[in-house]
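The values are calculated or read from the model by the stated rules, or taken from the named source; none is laboratory data. None of these values were measured; they are calculated from a predicted model. No Cβ is skipped: glycine too gets one built from the backbone with ideal geometry, and neighbour counts run over all protein chains shown. Just the protein is used for accessible areas: all its heavy atoms, side chains included, with ligands, DNA and RNA removed. Shrake-Rupley method; radii C 1.70, N 1.55, O 1.52, S 1.80 Å.
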Amino acid sequence: MTENEAAPETASPAAVPVTAPAGRPSRIAVLVLIAVLLAAGVAALAWLDTRSRIGATQEELARRLRDIETDSREARSVARQAQEALRDTQTKLGQVELRLAESQSQQLALEALYQDLSRNRDEWQLTEIEQVLAIAQQQLQLAGNVRAALLALELAEARLARTDRPQFAPIRRALAHDIERLRSLPALDTAAVSSRIDGLVAAVDSLPLAFDERAERAAARKDAASEGGFLSRLGTEVWNELRQLVVVRRIDGTEPPLLPPTQAYFVRESLRLRLLNARLSLLSRDEAGYRADLSASQAWIQRYFDAKSKPAAEALAQLKTLLGTSLSFEMPSISESLEAVRGFNFRRERTPG
């Protein structure tokens, strides 16, 4: 700066125009240099900033890449687990489908078995009902046991009612019709009448014989005579001897026969057999035999036993009551129910499947 300032002072006025243009380019160069330096500085700053940003971006990118890689590894692990779970699920689903198919086949087999069992159960039930009705029909025809037949019909109707099958409706109607017919019969308590006859059979041994009663009267007279004095006994004996010389009998009556012990036993047994025959006639609804046996029993008690005694009088009263019991009424049949059951079984056997 000192040299430049001293130069104008020593130079001549003519040299001034030459030195002045040379100072201008130097300033411009300086300015250019300064501008270049500034631009370089700005560029450097920009480069540094850009480099720092790029570094931060790279770091962020690397971080994100690491996160993405971590997420990818986790995603691959999750996908692997999902694939394994899917394979397990598919395996289990296959097993479930197999079991479902087995269950369906078993269900079809069970349904077929149930249908067979149901069909067989209905057949067994109808067969049992047919046998019960056949036995009741025999009891009704042979023994006249109305109560047993009615119980058999009610039992059959109750068993069919429990099944509640529409196809059994005709059989149930036939059963109801036969039950109504049996219930409309005259009331005859066979058990009570049979019990009365059994009571008479048991009382046969307690009936006193007429010969025993006459012997007891003679013994009583003899005891009365023996209780008196000598003259009284003598008079009684003389009178008895005189009575044996002349015997007066009434021919319009019968004297009780003199029965030895063995014949008395057979009389009681014969009376017991007559009463038992009457009970059999009652069970078989044979009214003629029933009345004949009871009338014979009544006649035997009046002839061979002491009719004035209390046991004989009670037996005769029982026989009179039993003779007043009527057994004559038309015995119905339960063939309608039997035919309904047999017809149903026949149609079912002819139906295929």
(request) Have a look at Thr70, Thr50 and point out the one that is exposed (fewer than 12 other Cβ atoms within 10 Å of the Cβ) and among the β-branched types (Val, Ile, Thr). (result) Thr70
(request) Working only within segment 151-176, note down all residues that are in contact (Cβ under 8 Å) with a residue 24 or more places away in the chain and in a loop (DSSP other than H, G, I, E, B). (result) Arg165
(request) For segment 136-147, indicate whether the set of residues that are surrounded by 16 or more Cβ atoms within 10 Å (Cβ to Cβ), under 24 Å from the mean Cα position of the chain (by Cα) and in a helix (DSSP H, G or I) is non-empty. (result) no
(request) For residues that are over 18 Å from Arg181 (Cα atoms) and touching a Lys or Arg at 6+ places or on another chain (Cβ under 7 Å), tally how many sit in segment 125-151. (result) 3
(message) Taking the criterion of being modelled with pLDDT of 90 or more, surrounded by fewer than 11 Cβ atoms within 10 Å (Cβ to Cβ), of a type in the set (A, V, I, L, M, F, W, C) and out of contact with any helix residue (DSSP H, G or I) (no Cβ under 8 Å at 6 or more places or on another chain), would at least one residue in segment 266-286 satisfy it?
(response) no
(request) Scan segment 293-315 residue by residue and report those that are open to solvent by less than 30 Å² (accessible area, probe 1.4 Å) and part of a helix (DSSP H, G or I). (result) Asp293, Leu294, Ala296, Ser297, Ile301, Ala312, Ala315
